[in-house]
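Please treat every number below as a calculation from the coordinates, not as lab data. It should be emphasised that the depicted structure is a prediction, and the values quoted were computed from it without experimental measurement. Cβ: placed from backbone, ideal geometry, glycine included. Neighbour counts: every protein chain shown.
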Amino acid sequence: MVSYKDLGLVNTREMFAKAIEGGYAIPAFNFNNMEQMQAIIQACVESSSPVILQVSAGARKYANQTLLRYMAQGAVEYAKELGKNIPIVLHLDHGNSFELCKSCIDMGFSSVMIDGSALPYDENVALTKQVVEYAHQHDVTVEGELGVLAGVEDEVASEVAHYTQPEDVEDFVKKTGVDSLAISIGTSHGANKFKPEQCTRNEEGILVPPELRFDILEEIEKRIPGFPIVLHGSSSVPQEYVKIINTHGGALKDAVGIPEDQLRKAAKSAVCKINIDSDGRLAMTAAVRKVFVDSPAEFDPRKYLGPAREELKKLYIHKCENVLGSAGKA
Ligand code: G3H
Ligand code: 13P
Ligand code: ZN
């Protein structure tokens, strides 16, 4: 049993309270390799932002959970070495069982998500409550989820979205004791968040998605005032990356994300954690593809992973400064 406190990590409690009070959101960036982790820490130190390092079940399988935990521990020391002791959370993204959440808590995670959103309501309540009871014994914070996001990822899949029912949230929060709640208001996972037929096209032919359901968010906030809300599936799918990828051998079709102004608006509300994974994947892929096409003789991985890391860092600084508003809040 390792406590996150001994690793220099923090849970989300104080971070979220300050974010709601200050009208900004904490970035939750997924990582499963060294370059992503370096870019996240460099960007958050440079912009002086608190940060949540997220590990999905798929990342755990890909990279090994022990290695990822030590990388997060290393991230704390790395941030200090770069000159700023920013608050860092190590969070399990989309935990799907009590056993997985317990295993992460026991090995030093400071926060876990138990995603029972696909279960019938009462089963979601029971599972979430079980995780909360164990987590709180170790002062680990827990994110639950109500409502289902559309989209397909390695470990997270649902064909259709079911918006969160505002009338459920108060009961869910009371019965489970969760510390934060992920909701479904129109975001979804991956780089194709909307079908073309759900969007309009602007004069350049770029897909413009429908607005998020801010009416549902407002209704939820009325029912649980000041309670920390989480938005998953919040990549914006920058079209400049899509263009670089597609002009350098890629084939991304109809990739569209959540416009940044809508995320900025959400961050000013009780939304205090915004999950971003796909934008990082796009940034890295665009940079790597560019090196492969422009410099086909390169075969040193540092020559393409280095530029990918630089692009990621730029992206994350932009998110903290211009989208989430977390810059300067560490
Ligand atoms: O919400 C899902 C995250 O983007 C993680 O995706 O399961 O492919 O690691 P993954
Ligand atoms: P994106 O696919 O929009 O980056 O969402 C990531 C996420 O929600 C991780 O839990
Ligand atoms: Zn998610």
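Shape class of the chain from the alpha-carbon gyration tensor: oblate, with a/c at 1.5 or above and b/c at least as large as a/b. Projecting the Cα atoms of 34, 301, 97 onto the dipole axis of the chain, where Lys and Arg carry +1 and Asp and Glu carry -1 at the beta carbon, places 301 farthest toward the positive end.
Note on the chain: dipole from Cβ charges, positive end direction compared against 75, 137, 178; the farthest Cα belongs to 75. Aspartates and glutamates near residue 175 by alpha-carbon distance under 19 Å, same-chain residues fewer than 8 away left out - which ones? The reachable aspartates and glutamates, counting only those whose Cα sits under 19 Å from residue 175, are 115, 122, 123, 133, 139, 143, 145, 167, 221. Helical content of the chain, expressed as a calculated mean residue ellipticity at 222 nm, amounts to -14000 deg cm²/dmol (DSSP H runs of 4 or more residues, -39,500 (n - 2.57) each, divided by residue number, nearest 500). Proximity of backbone amide H atoms, modeled 1.01 Å from N, is registered between residue 270 and no other residue at under 5 Å, excluding neighbours fewer than 5 places apart on the same chain.
Each of 71, 1 has some number of other Cβ atoms within 10 Å of its Cβ, and from fewest to most they run 1, 71. Taking the average, over residues, of other Cβ atoms within 10 Å as the packing measure, peptides 290-303, 91-104 rank 91-104, 290-303 from highest down.
By the rule of a C-alpha distance below 14 Å, with chain neighbours fewer than 8 residues away ignored, the aspartates and glutamates paired with residue 290 are 240, 298, 310, 311.
Of the listed pairs 61/273; 61/319; 268/313; 80/314; 193/243; 268/329, which have alpha-carbon separations greater than 22 Å here? The answer is 61/273; 61/319; 268/313.
Here the stretch 1-25 and the stretch 267-328 have alpha carbon centers that stand 24 Å from each other.
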